[in-house]
2 protein chains.
Amino acid sequence: MKLAVIGTGNIGSRLARLFALANHEVFIGSRDPKKAEAIAISLGKVAKGVTYAEATSNADVIVLATPWANDATLATIRGLGDLTGKIVVDCTNPLAPDYMSNTLGHTTSSAEEIAKQLPGAKVVKAFNTIFADVMEPGKQTFGDYQGTGFYCGDDLKAKEVVATLIQDAGFEPVDAGVLQNARYLEPMAQLNIQIAYGLGGGTDVAFRYMRRRVA
Amino acid sequence: MKLAVIGTGNIGSRLARLFALANHEVFIGSRDPKKAEAIAISLGKVAKGVTYAEATSNADVIVLATPWANDATLATIRGLGDLTGKIVVDCTNPLAPDYMSNTLGHTTSSAEEIAKQLPGAKVVKAFNTIFADVMEPGKQTFGDYQGTGFYCGDDLKAKEVVATLIQDAGFEPVDAGVLQNARYLEPMAQLNIQIAYGLGGGTDVAFRYMRRRVA
């Protein structure tokens, strides 16, 4: 697949690497294409560092890995060009500037706010409950179990594509239903932050949705 | 310990059984003490079915397993008598009458609303992210891993007591911080409902908070 990863932070750079290792063609989009290109070079021939507009025009799937605070994500998507028909993977969380609370939720979510701004795109929430530190080759699995990658969205075909990307990144995809259910996935990310940072548990952790294995 | 379980529904009856099996003395409180006594008889000598007031006056720890909708929980606690100094384990979720959404969240939680009504009690949120169907002897563990019992609260000693109860019930206690973090645990329960009921995944599932095991 041709993927655009928008954002060169902890999440964006690590997802770009995992996707590149799975042999996807990755266009890393940044306000600062030189920074994106430096990351791309470390990933080999399948990755390129480009502007936001070049990344999205080259790709079928746009992975949003941008901060939420100070309107950063919404401002960024306004500058991405026409995303009609494209799959937008929303990895964001509506975190306050200090990360220690969510600035929206319960009756909406960052995923729903993004979808409102991109009526022609197929928005799928994913990767938002996983810490960057476990988005590393070999770190996605704990004992016998992969970390779970919950995803939700309203377009079934787009969700299938995203489930494949979650698998390619080394996680166990679990369908969490319609996009509105991002209202429940985003608080889960904040719970993770509270335990890891608030209580000092650290970020080398992951949620697993365990189902009974019938013998 | 002397425990009061308030509520004879799916959660209350199963928690009462798990606590009785761990040799706690369990007072099952109900508006209908005959119903509570029928459950108690099936649990053996450690359990008694009584009125709400008898249950709470006999116990040090009050386990609230009541529905949220139609003000059921808040109305019930107003009738429980004086809970000053007692530990109140809040197992509720602020579910709409059809269970398929949360009626509050993000800036508050059912735990915080309960705590406001019980200023003298030590409220700890627990058990709310676990389905009744896995609160059964032998079903708390999936493969090698117990389901996680997240808990949060503002009184450290009360939290230690509740962590022990979670362990006694067969789950892995994970400290989720202050009571305010119930805002993140309650949406997680709704996520579980969406996957189990909304998407038909079923209730024989549990969340696990996986930490790296250092060899």
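The calculated 222 nm mean residue ellipticity attributable to helices in chain A amounts to -9500 deg cm²/dmol, summing -39500 (n - 2.57) over DSSP H runs of n ≥ 4 and dividing by all residues. Cross-link partners of B:K2 among aspartates and glutamates, defined as those whose alpha carbon lies under 15 angstrom from its own and excluding same-chain residues fewer than eight positions apart: B:E25, B:E54, B:D60, B:D168. Pairs exceeding 31 Å between alpha-carbon atoms, taken from B:K45/B:K122; A:K116/B:K159; A:K116/B:K116; A:K45/A:K116: A:K116/B:K159; A:K116/B:K116; A:K45/A:K116. Is the stretch B:135-215 rounded, prolate or oblate when judged by the Cα gyration tensor, a ≥ b ≥ c being the square roots of its eigenvalues, rounded requiring a/c under 1.5 and prolate requiring a/b larger than b/c? Oblate, because a/c is 1.5 or more while a/b does not exceed b/c.
Residues with beta-carbon under 9 Å from that of A:R212, excluding A:R212: net charge, scoring Lys, Arg +1 and Asp, Glu -1?
+2
Applying the Karplus relation 6.51 cos²θ - 1.76 cosθ + 1.60 with θ = phi - 60° to the stretch B:76-93 yields 3J(HN,Hα) values of 5, 5, 5, x, 8, x, 7, 10, 4, x, 8, 8, 10, 8, 8, 9, 6, 9 Hz, where x marks Gly and Pro.
With Cα atoms defining each centre, the stretch B:69-106 and the stretch A:1-78 are spaced 45 Å apart in the structure. Just so you know, the Rg over Rh for the protein assembly as shown is 1.02, from Cα atoms, with Rh as the Kirkwood radius.
Within 15 Å, Cβ to Cβ, of B:T66, how many net charges do the neighbouring residues add up to if Lys/Arg are +1 and Asp/Glu are -1? So the environment of B:T66 carries a net charge of 0. Which shape class, rounded, prolate or oblate, goes with the stretch B:2-198 when its Cα gyration tensor gives a ≥ b ≥ c as root eigenvalues, a/c under 1.5 marks rounded, and past that a/b bigger than b/c marks prolate? Since a/c stays below 1.5, the shape of the stretch B:2-198 is classed as rounded.
Across chain A, the relative contact order, built from alpha-carbon pairs under 8 Å that are at least six residues apart, equals 18 percent.
Toward the positive end of the charge dipole of the stretch B:96-196, with +1 on the Cβ of Lys and Arg and -1 on the Cβ of Asp and Glu, the farthest Cα among B:G143, B:Q167, B:P119 is that of B:P119.
Laboratory data are not the source of any read-out in this text; all were calculated from the coordinates shown. As the structure is a prediction and not an experimental result, all values here were calculated from the model. Reconstructed Cβ throughout: ideal geometry from the backbone, glycine too, with neighbour counts over all protein chains shown.
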